[in-house]
Amino acid sequence: MKQKHLLLRAASAVLLPLLILAPALHADTATKPVTVSQLLSAIDTHAGKEVTVEGMAVWVCPHMGCKAQLTDADGASKHKLLVSQGAKMDKFSTELQGDTLRVTGIFRERRVTAADLDAQEAALKNPTPAAHDHAHAHGGADCANCPEKKAAAADPAKVAKAKERQLAQIAQYREMLANSAKGYLSFVSIEGEKWAKAE
C-alpha cells in the first residue's frame, strides 16, 4: 500500500506540472495559419487580433527590409497584404521574394472616410511643419527613415512632385470611395511579431 501511495505521489509530481504547462506550450502552435484571401474575407473578425498568415512574399522593402507584401501562396489571388516589422521581429531580406512565409502578428485595419481625405488634402494644400504625414505611402505605418521622404525634404522640386503624387492618390481614393458600398476604404496590414519560411 505504501509503495502504491509513493508511486501515485511520484506520478503526480511529474504529471501535474506537465498538465499545467501544456496549454502554454501548445499556445504558440494553436493558431492555425490562414491564407491572405481567408484573412481579407473576414476583416471584421480578425481586426485588432493576433493572426498567423501564410503567403508568398511578392515584394520586400529593398531599403531596410522592414516591410513585405504577401499574396496567396498558390498565386491565384490578386490581393496583397502588407506586413510591417514589429519591435521584436527580424527584418525581411529581398532574397525572400518568391518564398512562402508564415507571419504572426496583430492584424490592423485603417478605415479612411471622405472626411479623412478632406483633411489630408487640406494639409497638403496648406502645409504646416507638423502636418506632414508620410504614412499613406507605407500602408498606414510611418517610416521615418524612408529615403523618399529624406530626398523630398532636401529638394524643393521633389517636394512638389511628391505633393502632386499625394494629391493624385487622394483623387484615386475619392473615386474608390465613391464606388464603395461601405462608406469608407479599408487598408489592412499586419504588425509582425515573428516570421519564418513555411514548411
Exercise for the section: For Gly65, indicate whether it is in the same structural domain as Leu96 (by TED's automatic domain parsing), assigned to a loop (DSSP other than H, G, I, E, B) and within 13 Å of the chain's Cα centre (by Cα). Expected result: no
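From the residues in the range 74-128 that are part of a loop (DSSP other than H, G, I, E, B) and among the aliphatic types (A, V, I, L, M), which one is nearest to Asp44 (Cα to Cα)?
Step one: of the range 74-128, the residues part of a loop (DSSP other than H, G, I, E, B) are 74-80, 86-93, 97-99, 113, 126-128.
In the following step, the residues that additionally are among the aliphatic types (A, V, I, L, M) were identified as 76, 87, 89.
Details: Ala76: 23, Ala87: 25, Met89: 25 Å.
Looking at residues that are part of a loop (DSSP other than H, G, I, E, B) and among the aliphatic types (A, V, I, L, M), I get Ala76.
Can we say Lys158 is of a type in the set (Lys, Arg), modelled with pLDDT under 90 and closer than 28 Å to Phe107 by Cβ? So that I can check it myself, show each step before the final result.
Numbers: of a type in the set (Lys, Arg): yes; modelled with pLDDT under 90: yes; closer than 28 Å to Phe107 by Cβ: no.
So Lys158 fails the test.
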Exercise for the section: Return yes or no: is Gln166 at negative phi, modelled with pLDDT of 80 or more and not assigned by TED's automatic domain parsing to the domain that holds Val34? Expected result: yes
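Going through the range 30-83 one residue at a time, which ones are of a type in the set (Asp, Glu) and surrounded by fewer than 17 Cβ atoms within 10 Å (Cβ to Cβ)?
So in the range 30-83, the residues of a type in the set (Asp, Glu) come out as 44, 50, 54, 72, 74.
Result: Asp44, Glu50, Asp74.
The values are calculated or read from the model by the stated rules, or taken from the named source; none is laboratory data. Computed from a prediction, not measured in an experiment: that's the story for all the values here. Positions of Cβ are backbone-derived with ideal geometry, glycine not excepted, and every protein chain shown enters the neighbour counts.
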